[in-house]
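As structure tokens, the structure follows; a few thoughts come after it.
The values are calculated or read from the model by the stated rules, or taken from the named source; none is laboratory data. Everything numeric here is computed off the predicted structure, so don't read it as measured data. Positions of Cβ are backbone-derived with ideal geometry, glycine not excepted, and every protein chain shown enters the neighbour counts. Just so you know, the surface numbers come from the protein's heavy atoms only, side chains and all, with ligands and any DNA or RNA stripped out. Shrake-Rupley method; radii C 1.70, N 1.55, O 1.52, S 1.80 Å.
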Amino acid sequence: MIGAMLIQRLNEETIGKIAAGEVVERPVSVVKELLENALDAGAKNIDISIEGGGSTSIEVSDDGSGIRSEELSRALERHGTSKLERFEDLLTLATLGFRGEALPSIAAVSRFTMRTRAAGCATGAMVDVEYGTVAPIQSVAAPFGTTVTVRDLFGNVPARRKFLRQASTESTYITRAVGAYAAAYPHVRFSLSQEGRSSFTTDGAGDFVAAAVGVYGSDYGRDLLELKTLDDGAAVLGVSVTGWIGVPSLTKSHRQGMHFMVNGRWVQNRALNFALEEAYHSLIMVGRHPVALIRIQVDPADVDVNVHPTKAEVRFRDERAVCRAVQRTAHAALSRAPRVDLPVIQWEPKRQDSEQSRLGLTTVSIPSRIERPDADDHEATEAPSGPTAGVPILRVLGQVGASFIIAEGPEGMYLVDQHAAHERVLFERIMTQLANRSVDQQPLLDPLIVELAPDELAMWERSAAELTAIGYEIESFGEGAVLVRAVPAVALGGDLAGRLRAILRDLVEGGTGQSWLESVAISAACHTSIRAGQSLSLEEMRELIADLERSNQPRACGHGRPTMLQLTREELARQFARR
Ligand code: ADP
Ligand code: MG
């Protein structure tokens, strides 16, 4: 038995370390807090430099308001803040910070220096804090603004230091966080340097695309779609969404390229990720993720920022409304960009063979060339509307390898994957019929008995309602078999039993739609469409291309694979040395 324990109050040093553990998880947490302070101080220029992945040193320098020397010790006290007076102020909070915890927490676990000078002050002030012990404030010469240096982070908390990843990994976190802020605040000039090398700079001129290019490189310049305020009819009350998203061909294998800022603060939120990805649904391949910088503005009273120690998560009063606004805004941007994700075939001269200067096809399916719809008149004349958005009228020339249709359009040559194209057409036809509640069903004169493997049978049971919805009429037929009485009209012809089994097999492997109904429709479209290797008459090809031109999303099949490649006229001319 353990006897009654003495209850003692923790000493200040221990309290400091424990509290610091909440706010300062790793170097990037320090960077984020210092950045937010600089932005709250109204800085127009912020320079960040990092050594040793942030554990050796972090320095953030700004030209913001600065702190008057008589206020400086307050700033370092726990709960010392200039941003909040009463709890109710959180309802109208316009700043990123509010708890007054960051500086004391950081200073409790590092060798901390702050040098600052406020407007109107003849001299600056400087303070050193060594693992929580504050030295007397000194008067020093300093430029207007504030520079904070944090050295030997967690030097007094070895356990925490052990949990840090390699410096290069911590650096990646820092680059990602600073990048998000730099892209979200285009009016502020940012520079980040790590281990003595410049990682990126932005120009602070106020242009979103320029800021994104500064942070992420010139690829982003042509591949971004700016988000525009929705029309009154589509707008979600009380939520404004700005920023940009990438075109569907600019994808990543992870979700780290998606950033959300809520009232100026960088947050992590799965529901928002999900809402954005839904807008891209069927435009990008399964397993790929879009890039985006989305700034959401809501009434501070509609969002609780006080639910997470590092303020990395927020809780919305109406999360669904916010998600709806994000999805609609992204969707509108994607549908304004008709030609965006046609992969362009790129031809490159074979370098080693310069004498003959032969040309070889080196890359297919590289990201597209996108003309950003930057000029309004350009948009007015060029943006197609209605069902033909996305593919120009094409003239069919022929078929290659019984799998691809060659066609010509106003902007060059197109190679259309006949299977993917037909799959898209059938998928949309099924979805339209579902939406109109008028599914075209074809009863079979001779009901068909189809034998199913156990997992196929189980899948039929799971998907019976969805199969019925798209036009199948199937009933159980004793051990391991079903009786098919009717099929969707789009699925008529060919090997009906084989197709049904293929659909069920496909679903056993997992659905790819937004709903199970959509997954079933995608599989049905896939397994009832024209296959590769099937030769088509000119008439059949024309019909397919015409159907594709009328599709809403002609550029990708239901699974997200591209339906076509394009070789522009310029590219042809260039390759034949005509330009
Ligand atoms: P909070 O940001 O929650 O108020 P902090 O501990 O981060 O708490 O900062 C405490 C106070 O120090 C702030 O309220 C602000 O008045 C001042 N301060 C911190 N950093 C800066 C800065 N870079 N420029 C001007 N004032 C700052
Ligand atoms: Mg702060």
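Observations on the structure shown:
- Residue match in the stretch 262-269 (condition: outside any loop (DSSP other than H, G, I, E, B), surrounded by fewer than 17 Cβ atoms within 10 Å (Cβ to Cβ) and touching a residue at least 24 places away in the same chain (Cβ under 8 Å)): no
- If you filter the stretch 59-68 down to residues that are away from ligand 2 (no atom under 14 Å from the Cβ) and out of contact with any Asp or Glu (no Cβ under 9 Å at 6 or more places or on another chain), you find that the one that is farthest from D152 (Cα to Cα) is R68.
- Checking F154 against (1) away from ligand 1 (no atom under 16 Å from the Cβ); (2) open to solvent by less than 30 Å² (accessible area, probe 1.4 Å); (3) within 18 Å of R74 (Cα to Cα), the condition it does not meet: (3)
- For the stretch 460-482, the set of residues classified as open to solvent by less than 20 Å² (accessible area, probe 1.4 Å) and more than 20 Å from L426 (Cβ to Cβ) consists of A481, V482, listed by residue number.
- Boolean, L84 is within 9 Å of ligand 1 (Cβ to nearest atom), closer than 23 Å to V24 by Cα and part of a loop (DSSP other than H, G, I, E, B): yes
- Some residue of the stretch 111-119 being hydrophobic (A, V, I, L, M, F, W, C), within 8 Å of ligand 1 (Cβ to nearest atom) and outside any loop (DSSP other than H, G, I, E, B): yes
- Residue selected from the stretch 93-115 under the condition within 14 Å of ligand 2 (Cβ to nearest atom) and among the hydroxyl-bearing types (S, T, Y), by the criterion surrounded by the most Cβ atoms within 10 Å (Cβ to Cβ): S105
- Subset tally (residues that are in contact with a Ser or Thr (Cβ under 6 Å, 6 or more places away or on another chain) and within 11 Å of ligand 2 (Cβ to nearest atom)) for the stretch 16-58: 3
- The residue that is farthest from Y131 (Cα to Cα), among those in the stretch 82-92 that are within 15 Å of ligand 2 (Cβ to nearest atom) and open to solvent by 50 Å² or more (accessible area, probe 1.4 Å), is K83.
- For the residues E71, E13, the requirement of being within 16 Å of ligand 2 (Cβ to nearest atom) and of a type in the set (D, E, K, R) singles out E71.
- Inside the stretch 23-53, residues that are away from ligand 1 (no atom under 13 Å from the Cβ) and not in a strand (DSSP E or B) make up a count of 6.
- Only one entry of V129, V188 meets the criterion of being within 30 Å of W244 (Cβ to Cβ), of a type in the set (A, V, I, L, M, F, W, C) and either more than 16 Å from ligand 1 (Cβ to nearest atom) or open to solvent by less than 20 Å² (accessible area, probe 1.4 Å) (or both), and that entry is V188.
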